[in-house]
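So the structure is just underneath, and the comments pick up after that.
The values are calculated or read from the model by the stated rules, or taken from the named source; none is laboratory data. On a predicted model such as this, the values are computed, not experimentally measured, just so you know. Reconstructed Cβ throughout: ideal geometry from the backbone, glycine too, with neighbour counts over all protein chains shown. Side chains are part of the model used for accessible areas, which takes the heavy atoms of the whole protein and leaves out ligands, DNA and RNA. Shrake-Rupley method; radii C 1.70, N 1.55, O 1.52, S 1.80 Å.
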Amino acid sequence: MFFRTLLLAGASSAALFALPAFAADVAPVVDAPAVDAPAVDAPAVDAQLGDAEQQTSVGTGAVDNGGEIIVTARRRQETAQEVPLAISVIGGEHIDNTGAFNIGRLQQLTPTLQYTSSNPRNTTLQIRGIGTPFGLTNDGFDQGVGIYVDDVYYSRAASSTFDFLDVAQVEVLRGPQGTLYGKNTTAGAVNVTTRAPTFDFEFRGEATVGNLGFTQVKLAASGPLSDTVAVRLASSYTTRRGTIYNIATNQFINEQDNVGVRAQVLWKPASNVEVTLAGDYSTQNPECCGTSFVRLVNTQRATNRQYAALAAAQGYTTQPRNVYDRLTDIDATLNAGNKIGGASLRVKWDTGPGTLTSVTAYRFWDWKPENDRDFTGLPITIKSQNPSQQSQWTQEFRYNYSKDRVDFVLGVFGYNQKVRTQGTEQLGSAATKWLLAPSADPLNNYNLGILNNLLALNNISLDNSSAALFGQLSWKITDRLTLQPGIRVNYDKKTGLYERRVYIGGNLANELTAATPGSAATAQRDALTPQRAPANFSAWNFSYDFNANYKLTDDVLVYATYAKSFKTGGINLNGVPNLADGSPNLAVAAIKPESINHYEIGLKSQFFDRKATLNLSAFRTDIADYQALVNSGVTSTARGYLANAEKVRTQGLEVEFSARPSERFNLYFNGAYTDAKYVRFDGAPCPPELSGGAQVFCNVSGQRLPGVSKYAISYGAEYNVPANLLGREGQFYVGVDGNYRSDFSSNASPSDATRIDGYVLTNFRAGYRSDVGIDVYGWVRNAFDTEYLELLQIAPGNTGLIAGTAGDPRTYGITVKAHF
């Protein structure tokens, strides 16, 4: 009822807020930055076309007339150096120049951001080593890194795989942001701001061609329809040949095939009212996502049940053995069909003392996958697909008040989400001999092929609703000292169902749960277990934070933060272990919320007449009941589900430095040391070398969390010289950017078999930009053709097979950009 009231109020807010427009004559509107909105369309932004790394940690952001970087990290407009938290700002031009055209690629620019993806749905986004359980498909939990685009929350991590559409800047906020950004930001938030409609005509165009058939086109146009209405249209198209060649199908896989469009209409019925209606739609349709053979590891299974013996028994030899040959022989069809889109209505009303903002939004996500779950060229699992349809409504009201000594934000937020999934799993002609042991088969099922064409149909549903009241106060005790407390009261409710119905020969086989040991039905049950497991969770939660910051000088700020935050509880929607009688263990159907204590100190400074910036931060985050992946212990399927690790800790140091000593030269350097580990987790999944035996769970206490490098660095520089080309004034320039990551674990439990070695990537660009908005440059990424792995995966069944995906090889191309 609470959410319905919010949504109804939001839908009518445009009319209510616009009433002042009909109470007085409408004055001509100038295109000035709106209150509580990034100043992303001021002429000064355009003047910074070549200033790819100006005065920020990783790139230029929205720049005001004083050359400062403008952010909205605290839901109000202010300079990045005034914000007493760790924040990286990446400007749209820097994103384009470095080829970071989606959130996943930002990890090369921001060292504390970690991104892994075996496909869009199985995407992990982490900040400082925490955020999302690693390597698990489950709709019943929340991510710990919030993604926001123009104030709209994107609940699916899959959205990070889509191309940026007409982006002005991206803010990466590190550390819990629960007071202003909600329960889903225990690790941080990614706040994306797109370019707004303008009352001056504007055009942006960009075309890129490169090797591997890479083609990317971006177009954006903006202008007035009247004195009070402006419109902006943007589109993008990206295509690239796959990087892995499948010798079984004689075609490349893991390609890129992305299309996106976005439209915005801005209405200013009065000088103090803005109404923005926005809509977007993006699709991906690649043949993706396949893996290559990497290595074998000995598990605890009998020798004749490990990969080498199983493959030999069927006369199969994996042909490609070097992952950097970029070959595979997987035989199942692949698809990563992906659609995402929605609409939002944002209303801002400057009431004089403050600004009232309403954001009403609807979003959807459709996912149509096909995978090869056995990672081989054998017909073991011939179908593995779980298409999903997700829709969400959000409504936020926010009031920003600002006076000489007091600023505050008060708000209310409502969220409703529905997810429906229809899964298909089917075993093929090689499944029986791969999954059954002849020594434990008195009825000769091994030779009868009793698993052939065994079929499971999954039905998964989630209804998820949330409501919150929040506020944050900034009290300026003196001109130098500011205290900033914040609170959030949150209620969550989740209701879900996991149901798997198993068929053999067209007949329903759900009664297999009571099968006789050693029978065909028992073998079938163990391979694909029928199950019906309802789950639900609901809870209230109170979180808060406190920040104290002090200006040592006008350009040096020190701050300290304590945050008591949480991530809401979840429900298992991928199946749970069965009890001895074959019934589902519903005691583990729901998991506890995470409880977070966060401590941080930092320094933000500028010097040399603000030509150089140095920011430092030190942090520690303690998490109780950390949401993690565990295994059921079933040797044939190794089903994973969510559980709570007792305690996790991440701590570290971060440094960000940028300098622009002259108009000719700028540079930046960002570094992070992150020590993220399980403090206590004695019910963890066993690493591959300890799997497949009697031991179901392992103790990984004291070991590192997956996906996070202990050391990470990003850097870049650009040098230009003035030039006159074809009668036009401009600049020739050369630039370099790169990043380093030390080794990290690609599995929930660390193992040498799934450790990814550290690597360095270096990119170069060189070109000419004119003063009239033309930019032409050549680029090469991964210039030294470094061989590195993005992800390793353990094949089901504890056979010892490790498969993986190699990172992009050297790529190169030419980009032409125009802006006027």
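The portion of the accessible surface of the chain made up by carbon and sulfur, rounded to a whole percent, is 57 (1.4 Å probe; DNA, RNA and ligands excluded). Here r is the Cβ-Cβ distance between Thr478 and Ser583 and R0 is 56 Å; the resulting FRET efficiency, rounded to 0.05, is 0.30.
For volume of the Cα convex hull per residue in Å³, which listed value, (1) 168; (2) 145; (3) 212, comes from the coordinates shown? From the options (1) 168; (2) 145; (3) 212, the structure gives (2).
Dividing the summed helix terms, -39500 (n - 2.57) for each DSSP H run of n ≥ 4, by the number of residues in the chain produces a 222 nm estimate of -1500 deg cm²/dmol to the nearest 500.
Residues whose amide H lies under 5 Å from that of Arg810, counting only those 5 or more places away or on a different chain, are Asp785; hydrogens are built 1.01 Å from N in the peptide plane.
For Ala590, enumerate residues with amide H under 5 Å from its amide H, sequence gap 5+ or separate chain, H modeled in the peptide plane. So Ala590 has HN proximity to Asn572. Each residue of the range 168-184 is assigned a 3J(HN,Hα), and the resulting list reads 7, 6, 10, 10, 9, 9, 9, x, x, 10, x, 4, 9, 10, x, 5, 8 Hz, derived from the Karplus form 6.51 cos²θ - 1.76 cosθ + 1.60 (θ = phi - 60°), x at Gly and Pro. Whole-Hz Karplus values for the range 336-349 come out as 9, x, 8, 10, 9, x, x, 9, 9, 10, 10, 10, 10, 10 Hz, taken residue by residue from phi with 6.51 cos²θ - 1.76 cosθ + 1.60 and θ = phi - 60°; glycine and proline positions read x.
Would you mind getting me the FRET efficiency between Leu277 and Asn453? Use the beta-carbon distance for r and R0 = 45 Å, nearest 0.05. Taking R0 as 45 Å, the efficiency between Leu277 and Asn453 is 0.30.
Restricting the chymotrypsin sites (Phe, Trp or Tyr not before Pro) of the range 540-642 to loop positions (DSSP other than H, G, I, E, B) with no more than 14 neighbouring Cβ atoms within 10 Å leaves Phe608. Output the pairs from Lys183/Lys494; Lys493/Lys567; Lys592/Lys647; Lys418/Lys493; Lys418/Lys647; Lys183/Lys647 with a Cα-Cα distance over 23 Å in this structure; if there are none, say none. Those over the limit are Lys418/Lys647. In percent, rounded to a whole number, the relative contact order of the range 133-253 is 19, using alpha-carbon pairs under 8 Å and six or more apart.
Among residues other than Lys368 with Cβ under 11 Å from its Cβ, the summed charge is 0 (Lys and Arg +1, Asp and Glu -1).
The 3J(HN,Hα) values that the Karplus relation (6.51, -1.76, 1.60; θ = phi - 60°) gives for the range 641-654 are, in residue order, 8, 7, 8, 10, 7, 4, 7, 10, 9, 10, 8, x, 10, 9 Hz. Gly and Pro appear as x. Taking 0.36 nm per residue of separation and subtracting the Cα-Cα distance, full extension of the segment from Val679 to Tyr562 would add 40.1 nm. Take the Cα of Asn285, go 7 Å toward its beta carbon, and the backbone nitrogen atoms of the range 221-257 under 15 Å from that spot belong to 237-240, 255-257.
Each Lys and Arg Cβ is given +1 and each Asp and Glu Cβ -1; about its Cα centre, the chain then shows a dipole of about 1680 debye. Under the convention that each Lys and Arg Cβ holds +1 and each Asp and Glu Cβ holds -1, the size of the dipole of the range 700-764 around its Cα centre is about 180 debye.
Amide H to amide H, with H built 1.01 Å from N, Thr198 comes under 5 Å of Gly223, Val231, counting only residues 5 or more places away or on other chains. Using R0 = 51 Å, the C-beta based FRET efficiency linking Glu82 and Glu689 works out to 0.50.
Taking the C-alpha atoms only, the angle from helix 2-17 to the longest principal axis of the chain is near 30 degrees.
Average accessible surface for the chain: 37 Å² per residue, computed with a 1.4 Å probe over protein heavy atoms with every protein chain in place. Inter-label distance, Val776 to Ala221: 2.4 nm, where each label sits 7 Å from its Cα along the C-beta direction. Other residues within the sphere of radius under 13 Å centred on the Cβ of Gln108, judged by their own Cβ, net out at 0 (K and R +1, D and E -1). For Lys403, the aspartates and glutamates whose Cα comes closer than 20 Å to its Cα, not counting residues fewer than 8 places off in the same chain, are Asp36, Glu78, Glu82, Asp350, Asp479, Asp554. Across the chain, Cα pairs under 8 Å and at least six residues apart give a relative contact order of 12 percent.
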